[in-house]
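This report refers to the structure that appears directly beneath it.
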Amino acid sequence: MKKSILLLFSFVLLSCSTRKEVVYYQDIDSREFVSIESINTHPKIQINDILKISTSALNPESVIPYNFNTGEGSSVQTNQVELLKLSGYLVNSEGEINFPQLGKIKVEGETTQDIQDILEEKLSKFIKSPTVIVRIINYKFTVQGEVRQPGTFEIIEENMTLPQALGLAGDLTINGRRDNVLIYRQEGGSREVKRIDLTQTDWMNTEYFFVKPNDFIYVEPNNPKVKSAGFVSNVGTLLSVLSIILSAVVIIAR
């Protein structure tokens, strides 16, 4: 009985986390934040991206040739993202899209804002005061590790923040390390890894405040979680061995 209580007490100790380890943004009251525009670098368009390009003008009929039918009123049952993909522009292996009347346009390496400006300038030769909106519609990121709902998430919103992304994954579990969240980012042929301390707010003044397409976010388990996993594993192994020995003793005794 005493051994059982000791084992239970040890397990509880291994599972404990301090307030300092689990509370987010502990220095937020003393932090001075920069403007959003100064850190929002906007994702750059890559090969195989799918773009939704909407064109409008004072005369709606003048932009009809430049807008795909989005399928409204169709009997096809599909979600919003999949429907938008069907009406999007695929960036080909040359980094180009084929736009009505304008032909092939190089978009790889440009931001959505850049492409909006380029298209508005080109379309102004045919349309009076055109307005163009460009969105990446296969915008996705992956969250793994100590979160409640790990997985790959596909969104339409371009300015998704890291807290919002973790919120979509159900937030960190109590066993997730807040001080060492890993972000793996691949953009424009380069790859980089950044570690974020969610208990502080310095990273909110950097480009890592925003999630970019194809980001991989990993939340490590904390030390109590790792130790308790090993503890439970060792106890389970010991009980299995004892069970085999007892079974052997019973058989021999017979």
_Whole-Hz ³J(HN,Hα) from phi, Karplus 6.51 cos²θ - 1.76 cosθ + 1.60, for segment 176-181, glycine and proline x_ = x, 6, 6, 8, 8, 7
*Please tell me which of these pairs span more than 30 angstrom C-alpha to C-alpha: K104/K140; K125/K212; K44/K125; K104/K194; K104/K128?*
K125/K212; K104/K194
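Quick note: the coordinates plus some simple rules give every number you see, no bench work behind them. Since this is a predicted model, take the numbers as computed values, not measurements.
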